[in-house]
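First the structure, in the form of structure tokens, and then the observations on it.
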Amino acid sequence: MADEVVLLDTWASMFGMRVRIALAEKGVKYEYKEEDLRNKSPLLLQMNPVHKKIPVLIHNGKPICESAIIVQYIDEVWKDKAPIMSSDPYERAQARFWVDYIDKKVYVTWRKMWLSKGEEHEAGKKELISIFKQLEETLGDKPFYGGDTFGFLDLGLIPFYSWFYTFETFGNFKMESECPKLMAWVKRCMQKETVSKTLPDEKKVYEHVLGMQKALGL
């Protein structure tokens, strides 16, 4: 039986981009369904009744939710091509730790900076930069977080690059000067077609955020 794979997602979601990169890495054909998060489809609410969030991967009618979990699922199901997770248990644990760190820190801190002014805005900006500096330190002198190969943590972080211009513009800083090694890593990741063809244009993301701001009446 042929696999039926559907992805419920929204184009600007860095979490959805993770899943799209993973599916591209594995060469999996799937149906993409764009969700309007202000008017969620009955299918999304049915498939993710707990969080009601994207992305959701529907594999032969069964839903898998939460991007990091979906990526690991994809790696386990389509295991004959382009391994995402390390074969070493310790390295797998470390990669999971840092993807969890990204999930708990980056978007929350960006929102704090975006939706505040004055001192709170400045504190949010400093915290966001410190998160990326910490991630840069974790990379060390390796070409990728996965060592010589693009792995789970690389896949977990690279979608945020499409939001860097937005972070920089709202925070008035430059990632190139704050985190040069991280930006060199970005360039290496962007040489992969599965990454460069998945990530949307950074200016388009910025326009999208301005639109969200307007919709929120900010």
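The values are calculated or read from the model by the stated rules, or taken from the named source; none is laboratory data. None of the values given here were measured: they were computed from a predicted structure. Positions of Cβ are backbone-derived with ideal geometry, glycine not excepted, and every protein chain shown enters the neighbour counts. Accessible surface areas use protein heavy atoms only, side chains included; no ligands, DNA or RNA. Shrake-Rupley method; radii C 1.70, N 1.55, O 1.52, S 1.80 Å.
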Is it true that some residue in region 16-29 is open to solvent by 80 Å² or more (accessible area, probe 1.4 Å), out of contact with any Phe, Trp or Tyr (no Cβ under 6 Å at 6 or more places or on another chain) and either within 24 Å of Asp201 (Cα to Cα) or touching a residue at least 12 places away in the same chain (Cβ under 8 Å) (or both)? yes
Could you pull out every one of the helices (runs of 4 or more DSSP H) wholly within region 1-78 that has 2 or more residues that are within 24 Å of Cys189 (Cβ to Cβ) and in contact with a helix residue (DSSP H, G or I) (Cβ under 7 Å, 6 or more places away or on another chain)? 14-26, 67-77
Contact list, first residue from region 110-126 and closer than 13 Å to Asn172 by Cα, second anywhere and hydroxyl-bearing (Ser, Thr, Tyr) and in a helix (DSSP H, G or I), beta-carbon distance below 8 Å, six or more apart or interchain, is Gly124/Thr109
Test: Gly124 is open to solvent by 20 Å² or more (accessible area, probe 1.4 Å) and over 14 Å from the mean Cα position of the chain (by Cα): no
Here is a check on your reading of the model: is Ile84 surrounded by 15 or more Cβ atoms within 10 Å (Cβ to Cβ), closer than 19 Å to Met183 by Cα and under 17 Å from the mean Cα position of the chain (by Cα)? no
Suppose the filter is in a helix (DSSP H, G or I) and either more than 19 Å from the chain's Cα centre (by Cα) or small (Gly, Ala, Ser) (or both); does Ser130 pass it? yes
Quick one: would you say Tyr30 is in contact with a Leu (Cβ under 6 Å, 6 or more places away or on another chain) and either hydrophobic (A, V, I, L, M, F, W, C) or at pLDDT 95 or above (or both)? yes
